[in-house]
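Asks: Handing you this structure, nothing more for now.
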Amino acid sequence: EHVLAYTSGLWETLRGERVLITGGTGFVGRSLLESVLWASDALDLGADIFVLTRRPDAFLANAPHLAGHRAVRIIAGDVRSFPFPQERCAFAIHAASEAVGLSASDAWTTIDTTVSGTHRVLEFARQSGGKLLFVSSGAVYGRQPASITYVEEDYAGAPALGDIRSAYGEAKRLGEVMSVLEAHQAGFGVTIARGFAFVGPYLPLDAGFAIGDFIRDTLSGGPVRVTGSGAARRSYLYAADLAIWLWTSLFRGVSGRAYNVGSQRDFSIADVARVVASAVTPAVPVIVEGTARASEPPQRYVPDTRRAELELGLVERINLEDAVARTLAWHRDRAGSAAGRLA
């Protein structure tokens, strides 16, 4: 309902049309699916949503209300080689991603999946001639200098080439270049969404995301543990706002233009832990394991989102405290439903 309230004027663009979503079973993809299927039902859009997944059976088991929806058309395959839908799609969202691990082989997998997958999606976009949204990442900027409070789209930084963890950001950078070049040559539209940090339903609690770890610790009764000093600063956009930003970027974003997607309201990681821990009654304890050094400025990962606000009217509407409360409630409801099925 929140998404629909702030996107109501967008959906006529999708009436009777088709959209392909890669990465449709991940955090970003499911946020998109929840919102587009709700809008499709509420407005009787008659749209078809093609969802690419490597594991259709797992998708159906984990999210039957999405996988089994009348508008959903599942495509089984790998993003690097998936079969194209026979029907023309007016829109495509390339959200498939492969997070980088700590080994060289993991880094190669990330690069291959991102670059080869983007090449395949661009082949499809060229064939369909519709508009593409390339879901990129704030990782393309590399390490944000302490002197920059909010990183804007024109910042010319880049990931550190000697760091294996830079593979993800470098692959996304190349994906952006590929998308803009191909769109220019083939004559279709492409908009780039550079995502930062998010929270909400479907965010994995075991993937090393700080806020996911804090939510997991809180659900288990605490304590919430902060490894390191907790001085690094992050901002979090809630999943429903994320969906609003991505759909708006697809339908109204300027072709060839990149938009930061995230919140400008930043917190220290330690304060994020305290927000999560205090969202339950009674609050659970927080343990910060390290100590910040006064001589070292905190590392930042916070976007400047003025372009999205000025050009597309996009703002954060659900603050962190409310976002955490909603996410905790979703996980509790899900756990309760699972327990009920087992009983």
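Asks: Expressed as a whole percentage, what fraction of the accessible surface of the chain belongs to carbon and sulfur atoms when a 1.4 Å probe is rolled over the protein heavy atoms? The partial results should precede the final answer.
Replies: Values: 7830 of 15460 Å².
Carbon with sulfur: 51 percent of the solvent-accessible area.
Asks: Pop out the ³J(HN,Hα) list for region 15-24 in order, Karplus 6.51 cos²θ - 1.76 cosθ + 1.60 with θ = phi - 60°, rounded to Hz; leave Gly and Pro as x.
Replies: Computed from phi, the couplings for region 15-24 are 4, x, 9, 10, 9, 9, 10, 8, x, x Hz.
Asks: Would you mind calculating the relative contact order of region 158-295 from Cα pairs under 8 angstrom and at least 6 residues apart, reporting the percent as a whole number?
Replies: Details: 185 pairs, mean separation 43.8, N = 138.
Over region 158-295, the number comes to 32 percent.
Asks: Still on this structure, I have one more. Consider a paramagnetic label point 7 Å from the Cα of residue 319 along Cα→Cβ; state which residues of region 182-224 have an amide N under 19 Å from it.
Replies: Within reach of a label on residue 319: 198-200.
Asks: For a quick protection proxy, order the peptides 231-244, 57-70 by their average other-Cβ count within 10 Å, most packed first.
Replies: Working: 231-244: 24.4, 57-70: 14.1.
For the peptides 231-244, 57-70, the packing ranking is 231-244, 57-70.
Asks: Could you tell me how far the Cα centroid of region 30-46 sits from the Cα centroid of region 179-220, in Å?
Replies: For region 179-220 versus region 30-46, the Cα centre distance is 20 Å.
Asks: Using the Karplus equation 6.51 cos²θ - 1.76 cosθ + 1.60 (θ = phi - 60°), what ³J(HN,Hα) coupling, rounded to whole Hz, does each residue of region 276-283 give in order, writing x for Gly and Pro?
Replies: For region 276-283, the Karplus-derived couplings read 5, 5, 8, 7, 10, 10, x, 4 Hz, x marking Gly and Pro.
Asks: Would you mind pulling out the separation of the Cα centroids of region 70-122 and region 270-307, in Å?
Replies: 33 Å
Asks: Grab the other residues whose beta carbon is less than 13 angstrom from that of residue 183, score K and R as +1, D and E as -1, and report the net. Intermediate results must be reported in sequence, preceding the final value.
Replies: On the way: positive: 126, 131, 257; negative: 123, 176, 182.
Within the 13 Å Cβ shell, the charges total 0.
Asks: Among 287-298, 189-200, how do they line up by average Cβ neighbours within 10 Å per residue, starting with the highest? Mind showing how you got there, number by number?
Replies: Details: 287-298: 11.8, 189-200: 23.4.
Ranked by mean Cβ neighbours within 10 Å, highest first: 189-200, 287-298.
Asks: Arranged from highest to lowest average of other beta-carbon atoms within 10 Å per residue, in what order do the peptides 14-27, 75-88 appear? Numbers along the way, then the final one.
Replies: Values: 14-27: 21.6, 75-88: 14.5.
Highest-to-lowest ranking by the protection proxy: 14-27, 75-88.
Asks: Taking θ as phi - 60°, what are the ³J(HN,Hα) couplings along region 181-186 by the Karplus curve (6.51, -1.76, 1.60), each to the nearest whole Hz, with x for Gly and Pro?
Replies: 4, 5, 4, 5, 6, 8
Asks: Now for a different question. How much net charge surrounds residue 98 when only other residues with a Cβ under 12 Å from its Cβ are counted (Lys, Arg +1; Asp, Glu -1)?
Replies: Values: positive: 54, 80, 172; negative: 78, 106, 112.
My count for the surroundings of residue 98 gives 0.
Asks: Along the charge dipole of region 183-246, which of 204, 215, 235 sits closest to the positive end, that is, farthest toward it, with unit charges on the beta carbon of Lys, Arg, Asp and Glu (+1, +1, -1, -1)?
Replies: 235
Asks: Any idea what the dipole of the chain comes to, in debye rounded to 20, about its Cα centre with Lys/Arg Cβ at +1 and Asp/Glu Cβ at -1?
Replies: My answer is approximately 220 debye.
Asks: Let me ask something else. Antiparallel DSSP bridges in the chain: what percent, to the nearest 5? All intermediate terms of the calculation are to be shown ahead of the outcome.
Replies: Working: 4 of 39 bridges.
Approximately 10 percent, going by the DSSP bridge assignments.
Asks: Relative contact order of the chain: what whole-number percent is it, with Cα pairs under 8 angstrom and at least 6 residues apart?
Replies: Values: 657 pairs, mean separation 58.1, N = 343.
In percent, rounded to a whole number, it is 17.
Asks: Please work out the average accessible area per residue across the chain, using the 1.4 Å probe convention, and give it in Å². Write down the numbers at each step before the final one.
Replies: Working: 15460 Å² over 343 residues.
Averaged over the residues of the chain, the accessible area is 45 Å².
Asks: Next question. Residues with amide H under 5 Å of residue 194's amide H, sequence separation 5 or more or different chain, H placed in the peptide plane at 1.01 Å from N; which?
Replies: Amide H to amide H, under 5 Å and 5 or more residues apart or across chains, residue 194 pairs with 136, 259, 260, 261.
The values are calculated or read from the model by the stated rules, or taken from the named source; none is laboratory data. Source: prediction; values computed, not measured. No Cβ is skipped: glycine too gets one built from the backbone with ideal geometry, and neighbour counts run over all protein chains shown. SASA here: full protein model, heavy atoms, side chains in, ligands and nucleic acids out. Shrake-Rupley method; radii C 1.70, N 1.55, O 1.52, S 1.80 Å.
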